[in-house]
Amino acid sequence: MPTLPQDSDNTHWPDSGRELPGHEVGRLIYASISSVDGPVLDEMRRIRDHAVVHNREHNIRVALMHRCGWFVEWIEGPPEGISALMERVSRDDRHRSLKVVHESVGRPRLFKPWIGSISEPSESTGEFAQRVMALHERHRRGKGFEPASVWRSLCSPLPGHVEVAAAREGTYQRVMMISAARTDAFALLHWVARRAERPVLHRRFAGAVQDAIDVESDYVDLPDQSAQGRRLIANARKGLAMGMTHAFLPDYAAVVIVLDTDAERSLHLLQRILNACDQVHHRPAIIGLGADACFGEGLRGATEAQGLHWHEARTGDAASDLATQWWALKRVLDALN
């Protein structure tokens, strides 16, 4: 029997607990200009090592992004803990010109002490600064958006300026793609991007603990597809153990598993996805993509037993090329609208 891939199987996100989604917390997001002199990734790791210890002590959870020469930090926890953290942050010489772009009380989205990421820029530093100031002004006037929308508007914005992007947030179809083996989901995403003549954006995420290996994720926007646009996101299997995947899982309309001929591998990955969905109480469509021989009742049965809908994007009897895979998947995605 083949050995299953040694990915990080822990999708239980310890340090959180199922009670947190019903417990309101303080939520604050700010953006600031980076003053880091040297490799940003090295500095992010130093920040992580310090933050994991101190955030846990104060029941604070943080996501930190570096993009376009700016830091963006999303903080959740007790209001007094956030205030204390912001006081320390204001004295940190690794950044300057801090602008609060969101502050509220509500249900949490972050379930790890610390999540870090570096995102490839899709705009200039000046354009990013304009996006920050637009969100800051909306917040100042009391007309801000939800924290997840604010975060995405800065860290992985939809096509168009901030007002247009925010208006499309609720209708944009987000689709996660994961391979049961190899990197097939990434290969398919890059093929779709080339065909549509759309850029692929790259992100790198860092976990909060030693066994959460840094992972990469690519995405492409297809604004002319679906009712209001579609975003395809290719994630590594080990990314299922990362806090950022957990935070944004509720925003996905569908999760696509690029199936393998080894049925055990496919079922193993499906069980991890179902476990993750159960923790965040989210019910996306689950789509199996592959040749006819890759499908079995075990996949459908496991999905429907948990109350989720199973869909099949079949490519026929034999191994198929990327074009055949995409047209099979696109038909299913279009039918979800």
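Before moving on, here are some points about what is shown:
- Residue among ILE115, ILE75, ILE82 that is β-branched (Val, Ile, Thr), under 22 Å from GLY26 (Cα atoms) and at pLDDT below 90: ILE115
- Being within 26 Å of ALA241 (Cα to Cα), in contact with a helix residue (DSSP H, G or I) (Cβ under 9 Å, 6 or more places away or on another chain), surrounded by fewer than 22 Cβ atoms within 10 Å (Cβ to Cβ) and at pLDDT 90 or above is a condition met by at least one residue of the range 90-108.
- The residue list ILE287, ILE273 contains one member that is open to solvent by less than 30 Å² (accessible area, probe 1.4 Å), aliphatic (A, V, I, L, M) and under 17 Å from LYS330 (Cβ atoms), which is ILE287.
Rundown of residues vs (1) closer than 22 Å to ARG174 by Cβ; (2) of a type outside the set (Val, Ile, Thr), yes/no style:
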{"site": "HIS268", "(1), (2)": "no, yes"}
{"site": "LEU274", "(1), (2)": "yes, yes"}
{"site": "HIS281", "(1), (2)": "yes, yes"}
{"site": "ILE286", "(1), (2)": "yes, no"}
{"site": "CYS294", "(1), (2)": "no, yes"}
{"site": "ARG300", "(1), (2)": "no, yes"}
{"site": "ALA305", "(1), (2)": "no, yes"}
{"site": "LEU322", "(1), (2)": "yes, yes"}
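- Test: residue in the range 218-233 that is crowded, with 21+ Cβ neighbours inside 10 Å, modelled with pLDDT under 80 and in a strand (DSSP E or B): no
- A count restricted to the range 24-40 and to residues that are open to solvent by 50 Å² or more (accessible area, probe 1.4 Å) and touching a Gly at 6+ places or on another chain (Cβ under 9 Å) stands at 1.
- If you filter the range 234-251 down to residues that are open to solvent by less than 30 Å² (accessible area, probe 1.4 Å) and not aliphatic (A, V, I, L, M), you find that the one that is modelled with the lowest pLDDT is GLY243.
- If you check GLY298, GLY307 for being open to solvent by 30 Å² or more (accessible area, probe 1.4 Å) and outside any helix (DSSP H, G or I), only one passes: GLY307.
- Filtering the range 316-334 to residues that are at pLDDT 95 or above and either open to solvent by 80 Å² or more (accessible area, probe 1.4 Å) or part of a loop (DSSP other than H, G, I, E, B) (or both) leaves TRP327, ARG331.
- Index of the failed condition, SER122 passing every other in (1) at pLDDT below 85; (2) under 28 Å from GLU24 (Cα atoms): (2)
- Selection status of PRO14, open to solvent by 50 Å² or more (accessible area, probe 1.4 Å) and modelled with pLDDT of 50 or more: no
- Among the residues making up the range 270-289, a single one is touching a Pro at 6+ places or on another chain (Cβ under 7 Å) and within 23 Å of ASP260 (Cα to Cα): CYS277.
- Scope the range 136-148; condition out of contact with any strand residue (DSSP E or B) (no Cβ under 8 Å at 6 or more places or on another chain) and crowded, with 21+ Cβ neighbours inside 10 Å; matching residues: none
- Verdict on ILE118 being touching a helix residue (DSSP H, G or I) at 6+ places or on another chain (Cβ under 8 Å), open to solvent by less than 40 Å² (accessible area, probe 1.4 Å) and assigned to a strand (DSSP E or B): no
- Selection count where residues are closer than 16 Å to THR245 by Cβ, among the acidic types (Asp, Glu) and either out of contact with any Gly (no Cβ under 8 Å at 6 or more places or on another chain) or modelled with pLDDT of 95 or more (or both), scope the range 168-215: 1
The values are calculated or read from the model by the stated rules, or taken from the named source; none is laboratory data. Here the structure is a predicted model, which is why all the values come from computation and not from measurement. Here Cβ is always computed from backbone atoms with ideal geometry, including for glycine, and neighbour counts include all displayed protein chains. Ligands, DNA and RNA are excluded from the accessible area calculation, which covers all protein heavy atoms including side chains. Shrake-Rupley method; radii C 1.70, N 1.55, O 1.52, S 1.80 Å.
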